[in-house]
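These notes are about the structure you will find just below.
The values are calculated or read from the model by the stated rules, or taken from the named source; none is laboratory data. All values reported here derive from a predicted model rather than from experimental measurement. Neighbour counts run over all protein chains shown; Cβ positions are idealised from the backbone, glycine included. We work out accessible area using only protein heavy atoms, side chains counted, and drop any ligands, DNA or RNA first. Shrake-Rupley method; radii C 1.70, N 1.55, O 1.52, S 1.80 Å.
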Amino acid sequence: MATSTHLLGRAYAGERQLELFHQCHERGELGRSFSHLSLALCCLPHLKDHYYSTYLQIFDEWSDTVEETRGLKEVMTLCETALDLYPHSPDLNYLLAKILYRHGSVQEAWNHVSLAQLACPRDPNAQDTGNRLTNALVDRWHLPMLNDKRRNTAFKRAIERAVAQGHCTLLDIGCGTGLFSLYGRNAGATEVYACEVDKFMCEMGLNILQLNSGTPSIKMINKHSMNITVPSDIQKRVSLVVSETVDAGLFGEHILTTFHHAWQHLLLPPQSSTTLQQEMPNLLSASCEEEQSGDELSRDFHLLTYEATVTATINSLPDSRAEKSACTEEGCDNSPYTFSPQICGRVIPSKAEVFVAFINCDYISRQAKLLNHSFWYLKTRNVCLKLQEPYMSEKLSQVPGGFKLLSEWTHVTTVDFNSPDDITRHLHGEINKSLDIQCKNCGTLDAVALAYNLHMDDQECINTFPENCDTLWENAVYPMMANVDVISYDVITVDIQCNGVLKLSIKPPPLVEDSSEDPVYLNTSTLRFLNSKSFTSVYVLAAQSIHSQLRNSSRRDAVKSQPPLIICDTTPFPVAGMKLLSDWPNSRLYVEDADTQAALRKTGVEVELCEDLEEPVDVLFLWPFSGEGTLKDDIVKKILLYRLMMAEDGCVFPQSVDLIIGVMDSPTLTTMTRVDDSNTCGIRVAEVFNMVQTVHQLDVPLNSLPNTVEVAAPIPVLRLSLSSGLTHPLLPATPEVNTRDKQLLVLGGEVLEVFSNISFTQASSITALPYWFQLRGSFPTSGASGLHSAASLSSGAESTEASMTLSTRDSDSPCNQSILVLKKPLTVEAGEDAVLEVVWREGVFSASLQHRPSPD
């Protein structure tokens, strides 16, 4: 009886909460609606499926409000309440992942989005967010590095030789997956330490170490190497440090600082030191004098390291004997009292030789300086590339259009990583000189390229020279900000300074006509757009046509009495908006990007930001692409928002964008997407690392990918209207999609599925689906009258309208392409068919390719 009464009371309470929910929901009270519905579903769990979609929508809206006004802690309380009701909801895990991502909790966000991806493997929103989080969690350069067999082999051999020579204690700095640590352990090192500052990479590395060793024979340290201490983290100073903290510019990942600290605190003295017996009296005396004088540590570095080594050796003679007893190779000195090469410190790589050369490269030039001089407001300005680092990184052997050497490779400096003094010189600015480099070819000097030889030891060396590079590393490129034309035998002076990072500059620096004014700084995406004459000329032509129609419209006779013309230009640089602004002074221009606003203000043009728009928009110039060759985030929502803000006779240009998908085989892309254990010299990495593989490769110059074959004609998939936000399939489509029955998220907007049957005339292996876009637009010609609305421009019905089509795959395109890589290659035979399926959801899409099912 008590149980029945309790159930009746619970049901009554649930019905009452449900009634209150409907009342609050009708009044638009989100917070109260969420609370009442949560309580109602706790009491009436049989209604959870019925109210699932409603609950998600309320949670989505209310959590946004709470996050904005009260912060992460309060919104996480809402998430816990929601997950108590729907613990396996992919939508809630997806929304929670986005919240955590916004607040910087990348690993936790990745855990939740992975659950959403597993439950909804076909949903483009879940897959897209998962790919973004994966890229944020693990730097993508890990993949080509791990697949670089030449690089892995060089390090492995050098480590094996070092251990064979007696360097039996090893510290792997910035270990990542622990590859070098395992090379050292397999070579017979008695003590191996691996340090990695990134928590997620540290956990992954630990899993890989356990997978390959089964026992914790390697100690993983989740710290930056500069925070490691002896003996709390490592038992004593090690005899070998291995690190590949190098980048395209050699020193960009702070390898000099890393090794400088290692020599001071973590390594035994270098091999060039004399014996302990010879130096002990002097060292102890020097140590006392140093304490009294207070001289800087770097000044008497060798004395300090010797004193520390003396103490460590005396206090741990059994350990030293144990280590040396394991070194049975010929020539190993087992005396604990002397420093033989086997118990001195050493680092791998041992040294690096740096070279520079002048290059001519249109691809670099187009993203580093202004080449298109048709814009009057920039002609007299010093337009400069806004760089976060002293150089750009490019794989010169693969840049579109290639490059041309204008000079020989000239030696700049050599750094001996086994010499603490040499490291100090490169750290503290003592490398400061000028080089005269003679040109051997004529052309425009677009950049100074850097390459280097990286010596593991006396026998192993890898290099980054683009003509014969034997690794997957990129090149540092120092771009010229203005045109510098050279001829054969010209001598150009390059100033070189190394203060931890190599900085290069041409002397004297090239000047534009008017260098007295402050430079106008633009990013690479903006410069690439400005230098794309085909794209900018079409936008300018559209602006001219619209201006012509304005002059012939009813506004012509009362321009001054009419409200200002409101222009919104979302392109990387508002070339169309500026044209219309100059031709129609009684107007105001709005842009989307604050950096563009700042650049225009330096030219004396006052513009506002689109986010501050409060008036109806008369003319809208849209740019739907990101700099990575994808559609902009929330592009459909932005289109719908602008549509609400358009004036009654407002004009939109261009009117639509088509999605085009290709089919190709590219082993190169495979190395950028997942690890192949055949490249890691016997170490099992793929089983662990490929859990974070990403199928979405961004900003790829498709036409220059090596070893790539297109195996089918490009396929137009769908058309997005930039005027209405509606999507029209260009292929057969599924008319209605039930998201809950199709492994899709409930939230996220309408879903469109399209299919294409592809017939193959020859046997092929398909690894990737590249995609790009075609912009379509029309604008009134001089014969038309009146200002065309967005609807009339979209229809294309007027005979007085000119039409245009521009492809982001054209050689003049301001952006590269992006690629969806298949998780497993698809092999097809000649005459076989496959089905391409694309799932589109409000500007986000996924694509898959499968064998065509056999008829029943």
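In Å, what is the Rg of the alpha-carbon atoms in segment 554-697, and how long is Dmax?
22.8, 81
For the ranges 566-577, 119-130, what's the packing order if you count other beta-carbon atoms within 10 Å of each residue, average per peptide, and put the highest first?
Values: 566-577: 25.2, 119-130: 22.5.
Packing order, densest peptide first, comes out as 566-577, 119-130.
Need the full-extension length gain, GLN23 to ASP583, defined as separation in residues times 0.36 nm minus the C-alpha distance. One decimal, nm. Present the calculation step by step, with values, prior to reporting the outcome.
Details: separation 560, 0.36 × 560 = 201.60 nm, distance 5.52 nm.
Length difference between fully extended and current span is 196.1 nm.
Which GluC sites (Glu not before Pro) does segment 688-750 hold that lie in a coil by DSSP with at most 11 other beta carbons within 10 Å?
Values: sites: GLU710, GLU736, GLU750; in loops: GLU736, GLU750.
Of the GluC sites (Glu not before Pro), the ones in loops of segment 688-750 whose Cβ has at most 11 other Cβ atoms within 10 Å are GLU736.
Below 8 Å, C-alpha to C-alpha, sequence gap of six or more: please give me the relative contact order for segment 355-418 in percent. Walk me through the numbers on the way to the answer.
Values: 50 pairs, mean separation 38.9, N = 64.
Contact order relative to length: 61 percent.
Measure off 7 Å from each Cα along the Cα-to-Cβ vector at THR245 and LEU118, then give the distance between these two points in nanometres to one decimal.
3.6
If you average the C-alpha positions of segment 166-187 and of segment 616-644 separately, how far apart do those two centres end up, in angstrom?
Centre-to-centre (Cα) distance: 50 Å.
Which FRET efficiency value, to the nearest 0.05, do you get for HIS103 and ASP612 by plugging their Cβ-Cβ distance into 1/(1 + (r/R0)^6) with R0 = 30 Å?
Values: r = 26 Å, r/R0 = 0.88.
In this case the efficiency is close to 0.70.
Please list MET480, MET646 from largest to smallest accessible area, probe radius 1.4 Å, with all protein chains kept in place.
Numbers: MET480 15, MET646 35 Å².
Sorted descending by solvent-accessible area, the residues read MET646, MET480.
If the cut-off is a Cα-Cα distance under 16 Å, which lysines reach LYS219, setting aside same-chain residues fewer than 8 apart in sequence?
LYS199, LYS236
Remind me, relative contact order of segment 147-247 in percent, using alpha carbon pairs under 8 angstrom and six or more residues apart?
Working: 160 pairs, mean separation 31.2, N = 101.
The normalised contact order for segment 147-247 reaches 31 percent.
Go ahead and run the numbers for FRET between LYS742 and VAL197, Cβ-Cβ distance against an R0 of 35 Å, rounding to 0.05.
Values: r = 42 Å, r/R0 = 1.20.
Rounded to the nearest 0.05, the efficiency is 0.25.
May I ask you to derive the relative contact order of segment 685-770, considering only C-alpha pairs under 8 Å and at least 6 residues apart, and to give it as an integer percent?
Numbers: 50 pairs, mean separation 19.8, N = 86.
Relative contact order comes out at 23 percent.
With every protein chain present, what accessible area does TYR193 have (1.4 Å probe, heavy atoms only), rounded to the nearest 10 Å²?
20
Please arrange TRP376, TRP584 by accessible surface area, largest first, computed with a 1.4 Å probe and ligands excluded. Kindly include the intermediate steps, with their values, before the conclusion.
On the way: TRP376 155, TRP584 25 Å².
Ranking TRP376, TRP584 by accessible area, largest first, yields TRP376, TRP584.
Efficiency by 1/(1 + (r/R0)^6): what FRET value for THR734 and THR761, r their Cβ-Cβ distance, R0 = 25 Å, to the nearest 0.05? Intermediate values should be presented prior to the final figure.
Details: r = 28 Å, r/R0 = 1.13.
E(calc), rounded to 0.05, equals 0.35.
Provide, as a two-decimal number, the C-alpha radius of gyration of segment 626-773 over 2.2 N^0.38 Å, N being how many residues it has. Present the calculation step by step, with values, prior to reporting the outcome.
On the way: Rg = 19.4 Å, N = 148, 2.2 N^0.38 = 14.7 Å.
The reported ratio for this selection is 1.32.
When the Cα atoms of segment 344-444 are enclosed in a convex hull and the volume is divided per residue, what value in Å³ results? Mind showing how you got there, number by number?
On the way: hull volume 16.9 nm³, N = 101.
Normalising the Cα hull of segment 344-444 by residue number yields 167 Å³.
Could you please put MET691, MET145, MET204 in sequence from largest to smallest accessible area, using a 1.4 Å probe?
Details: MET691 135, MET145 35, MET204 10 Å².
Most to least solvent-accessible, the answer reads MET691, MET145, MET204.
What order, most packed first, do the peptides 631-643, 605-617 have when packing is the mean number of other Cβ atoms within 10 Å of each residue?
Numbers: 631-643: 17.7, 605-617: 13.8.
In decreasing order of mean packing, 631-643, 605-617 become 631-643, 605-617.
Here are some pairs, LYS369/LYS503; LYS379/LYS637; LYS149/LYS440; LYS149/LYS433; LYS379/LYS503; which of them have Cα atoms lying more than 25 Å apart in this structure? The partial results should precede the final answer.
Working: LYS369/LYS503 19 Å; LYS379/LYS637 36 Å; LYS149/LYS440 35 Å; LYS149/LYS433 36 Å; LYS379/LYS503 29 Å.
Over 25 Å Cα-Cα: LYS379/LYS637; LYS149/LYS440; LYS149/LYS433; LYS379/LYS503.
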